[in-house]
1. From the list Arg219, Arg182, which one is assigned by TED's automatic domain parsing to the domain that holds Gly15 and either in contact (Cβ under 8 Å) with a residue 60 or more places away in the chain or on the phi < 0 side of the Ramachandran plot (or both)?
2. Among the numbered criteria (1) touching a strand residue (DSSP E or B) at 6+ places or on another chain (Cβ under 8 Å); (2) under 22 Å from Leu147 (Cα atoms); (3) not in a strand (DSSP E or B), which single criterion is violated by Asp265?
3. Among the residues of region 371-387 satisfying the criterion of being modelled with pLDDT of 95 or more and part of a loop (DSSP other than H, G, I, E, B), which is farthest from the chain's Cα centre (by Cα)?
4. Look at Glu72 and say whether it is at pLDDT 95 or above, assigned by TED's automatic domain parsing to the domain that holds Gln174, in a loop (DSSP other than H, G, I, E, B) and on the phi < 0 side of the Ramachandran plot.
5. Can you confirm whether Gly268 is surrounded by 17 or more Cβ atoms within 10 Å (Cβ to Cβ), among the small types (Gly, Ala, Ser) and either at negative phi or not assigned by TED's automatic domain parsing to the domain that holds Asp41 (or both)?
6. So which of Gly15, Gly38 is crowded, with 21+ Cβ neighbours inside 10 Å and in the same structural domain as Ser184 (by TED's automatic domain parsing)?
7. Can you find a residue that is in the same structural domain as Cys307 (by TED's automatic domain parsing), under 26 Å from Ala285 (Cα atoms) and out of contact with any helix residue (DSSP H, G or I) (no Cβ under 7 Å at 6 or more places or on another chain) anywhere in region 335-355?
8. For region 151-197, which positions are outside any loop (DSSP other than H, G, I, E, B), among the basic types (Lys, Arg) and either surrounded by 21 or more Cβ atoms within 10 Å (Cβ to Cβ) or at pLDDT below 95 (or both)?
Amino acid sequence: MPSPAPFSHHVLSHGLNVVAAPDPLAHTAAVGFFVKTGSRDEPTPLMGVSHFLEHMMFKGTARRSAEDVNREFDEIGANYNAFTSQENTVYYAQVLPEFTARAVDLLADMMRPALREDDFNMEKNVILEEIGMYQDRPQWRLQDTILETFCAGHPLGHRVLGTQESVGSLRVDQMRSYFEKRYSPDNIVFAAAGKIDLPALLQSLTALTRSWQPSGSTRQYDPLTPKVQSCAMADPKLSRHYLAVMLPGPSAQDPQRFAARILADILGDAEGSRLYWALADPGLADEADLSHFEQDRFGCYLGFASCDPDRGAQVEFLFLDTLANAAGTLTADEVERARNKIATDLTLNGESPLGHMRNLGSHWIYLQQYLSLEEELEKLLAVRLEDVQSLAAQLRSAPRTIARLGPR
């Protein structure tokens, strides 16, 4: 019997994209719906509706109550969850192969929620409490603020959770309208990996989603021009000083994204990076890191540090100095170490059906193509010192936003 193809792509009649990577040697199966919608796709008055809607998807359907949804996931022993980002909302489950059909049925049913007004009003209180809870976390407050400042009115600056005002004034009819537009099959990717029966899966998805209607929903790509900006906030309840720095970087579609991952690891990994040795190891800062985020036609570097308030200016100077001086001092050994570390992370993630499924969905959302683990590793390992130096040189003159939060 011939082995299944390592990758398969199908488009159902109403536009739902199905991407799958069967692996007969796997011990589990992972499936998920990737909806191409998030805070960047929301009208400003409806900020937070994508995340709120994610909660409502677990509140029951025409066929199931909220209790049924949770009970059935438990009955099949599923590792399941959902998350909302600036540009995607994802619902997934990992199960033993014999429960794949039940997991797909449950997830597909959830994708057409009841959106009852009583559930909406009750869950709104939960969301408002969540917003309040995160506002008590300094790093979360700082991240929201620097993103709003960096994006300066662009929808990429929308808060994923929304605000007390936007969520508080949201009506159930507005959520239903948003759902009808954004949760259409032509705006969704279904991904599957692991030990799956592909013909049975396609047959099941066709039957379960037969009534779904396409809406022609698209994403708006308004231009974003970052400027040199800074902001500061004071909160006398705090005992530490917090710093955030954001600069533009390669997007999810940019071939330079692999070099950007390596640069961010060299400069800002939690341990052993240049920021670690400059700030955390000598005890000047509690933490100091830099990450690269690649998104749909947008990318950025985001750095954080926290320290004693009296050291705020010193830490900020050393943080920025570390970034500015990177281009002329990077070494081939540093690039090799970072490259190998990231390659290990990619491999460990790709070996898991859940990690493979999430990669499948993300790659199709952003690139409309399949990248095998081998292809990703090949692109990563092809990055050379001069590629990373080139990106590091751009950090010197790149427009940057700085945000500060402390007791004074």
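The values are calculated or read from the model by the stated rules, or taken from the named source; none is laboratory data. Treat the numbers as computed from the prediction; the structure is a model and nothing was measured. All Cβ positions, even for glycine, are placed from backbone atoms using ideal geometry, and neighbour counts span all protein chains on display.
1. Details: Arg219 fails: assigned by TED's automatic domain parsing to the domain that holds Gly15.
Result of the check over Arg219, Arg182: Arg182.
2. Only one criterion in (1) touching a strand residue (DSSP E or B) at 6+ places or on another chain (Cβ under 8 Å); (2) under 22 Å from Leu147 (Cα atoms); (3) not in a strand (DSSP E or B) is unmet by Asp265, namely (1).
3. If we take residues in region 371-387 being modelled with pLDDT of 95 or more and part of a loop (DSSP other than H, G, I, E, B), then Arg384 is farthest from the chain's Cα centre (by Cα).
4. Details: at pLDDT 95 or above: yes; assigned by TED's automatic domain parsing to the domain that holds Gln174: yes; in a loop (DSSP other than H, G, I, E, B): no; on the phi < 0 side of the Ramachandran plot: yes.
No.
5. Working: surrounded by 17 or more Cβ atoms within 10 Å (Cβ to Cβ): yes; among the small types (Gly, Ala, Ser): yes; either at negative phi or not assigned by TED's automatic domain parsing to the domain that holds Asp41 (or both): yes.
Yes; evaluated as a whole, the condition is true for this residue.
6. Working: Gly15 fails: crowded, with 21+ Cβ neighbours inside 10 Å.
Gly38 is the lone residue from the list that is crowded, with 21+ Cβ neighbours inside 10 Å and in the same structural domain as Ser184 (by TED's automatic domain parsing).
7. Going residue by residue through region 335-355, those that are in the same structural domain as Cys307 (by TED's automatic domain parsing) are 335-355.
Subsequent filtering for residues that are under 26 Å from Ala285 (Cα atoms) retains 335, 337-338, 341-342.
Next, from what is left, pick out any that are out of contact with any helix residue (DSSP H, G or I) (no Cβ under 7 Å at 6 or more places or on another chain): 337.
Within region 335-355 (the criterion being in the same structural domain as Cys307 (by TED's automatic domain parsing), under 26 Å from Ala285 (Cα atoms) and out of contact with any helix residue (DSSP H, G or I) (no Cβ under 7 Å at 6 or more places or on another chain)), the answer is yes, since at least one residue qualifies.
8. First, pick out the residues of region 151-197 that are outside any loop (DSSP other than H, G, I, E, B): 151, 155-157, 164-169, 172-182, 185-194.
When the remaining residues are screened for being among the basic types (Lys, Arg), the result is 176, 181-182.
Scanning region 151-197 gives a single hit, Arg182.
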